[in-house]
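See structure below.
No lab work stands behind these numbers, since they all come straight from the coordinates. Just so it is clear, the model here is predicted, and its values are computed rather than measured. Cβ: placed from backbone, ideal geometry, glycine included. Neighbour counts: every protein chain shown.
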Amino acid sequence: MCKYLSDLRLVAVLAGALVCAPANAQDVSSATEADDVEEALRDPSRVPDSDVIIVEGGRPEGVTRSEVQRQARSIAVTGNVYDQPLARFEDRLCPGISGLAVEQASLMIDRIRDNAYDLGIRLQDDGCEANFIIMFTPDSQQAMRDMMERQYWLFEFHDAGAKRELLEPGPARVWTWTQPHTRDGMPVPQARNRVDVPTLSSWMAHSKIYTAVRHDITSVIVMFDTEAARGKSLIQLADYAVMRGLAQTRPSEEGAMDSILTLFDDEAPPQRLTLFDRAYLRSLYEWLPNLPAITKLTGVNRQLRILDEEADERAAAQQ
C-alpha cells in the first residue's frame, strides 16, 4: 500500500503544490454564522475569543424515520446492505491539498482534521504521507482521465461501471481505494482474475450481527473543478470532501433533510455539514466497522435523536 500512497502523492504534486502538514491556524469552530465562518477561514484572527454555543435541533418536524432511512440509503455506495459493511477509514488520516495557496489549504486541512477528530478517526502527525487528497484543477474530468491512463494500476479493482461514473460530467469526482480486512484487521487479498481466487484462513465465530470482513478506506482523492468551486467557502468545500471521502457516498438528490452533498446543486446550499450529514457520519463510525450496512443506515435516526438531546442539554446550559 505504500506504493499506492506514493503514487497518490505524485499525482497531487504534478497537479500543484501539496500541503499535508497540520496547520497552525486558530480553531474556527466557535464562529456561528455562515459569514463569520467563512471570514474566520480567511482571517483566523477574527475568530471570537469566547466560545459560542450553537444550538441545533434534531430531525425537522414532519420528517419521518422512513424518509431519513431512505435518504441514507440513497447516498450510500454499497452492494447488498444486509451482507456487506459500509467502508470507512480505520488507519490514521493525513489530509493533503493541491491547487490552493498554502494558507487556504492549511485552513481546509484544519477543518478536515477537526471533523475527523470528532468522529474518533485517528490522525497522523506532521510530515505524514497524505492518504486523503483534495485537488483543485481546471478540468477534473480530464485530470481523472489522465490519472486512469498514467496510473492505471490504481483502478485495477474498479469495474467498468465505477470507471464510467468517475468520468461522468460534474463539478467534483471522488476516487476511493478500499481494502477488505478480516474482523481482526488482517488484509484480505483481492482477486485479479477469475482463476486464482484469493483465500485467507482465520478464526471466526458465526454471527448474524456482524460480517466476516470489513472494508477499509485506505486512500482517497477528491477532485474539484476550479470554476465550480468559485464562490464556495473553504468550509463548504472541506465539509463536502469529508462527506464524500470519509464515507463512500454519492451526490445527493433532493431528500427529506438538507445535506452538504447538494453543494453544487442547490441555489442556496448548506454552509457546513448538516444535521443529517453529522448523523450519517456518526452512525458510520460508531461501534464495529464490520456491521452490515443496514445497521449503520438505520442508525442515522438514532444519531439524530442523540443530536437532539445534546442540543437540549446545550440550550439548558446556556440559560
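Multiplying the sequence separation of Asp114 and Lys163 by 0.36 nm and subtracting their Cα-Cα distance, what value in nm do you get?
14.5 nm
Using per-residue counts of other Cβ atoms within 10 Å, averaged over each peptide, order 255-266, 273-284, 223-234, 306-317 from highest down.
273-284, 255-266, 223-234, 306-317
So for the pair Glu149, Tyr82, with labels modelled 7 Å out along Cα→Cβ, what separation do we get in nm?
Distance between the two pseudo-spin positions: 4.5 nm.
Could you line up His215, His158 from fewest to most neighbouring Cβ atoms inside 10 Å?
His158, His215
Quote to one decimal, in nm, the extra length available between Arg230 and Met186 on full extension: 0.36 nm per residue of separation minus the C-alpha distance between them.
My answer for the length gained is 11.6 nm.
Using a 7 Å offset from the Cα along the Cα-to-Cβ direction at both Asp125 and Arg314, what is the distance between the two label points in nm, to one decimal?
Inter-label distance under the simple model: 3.2 nm.
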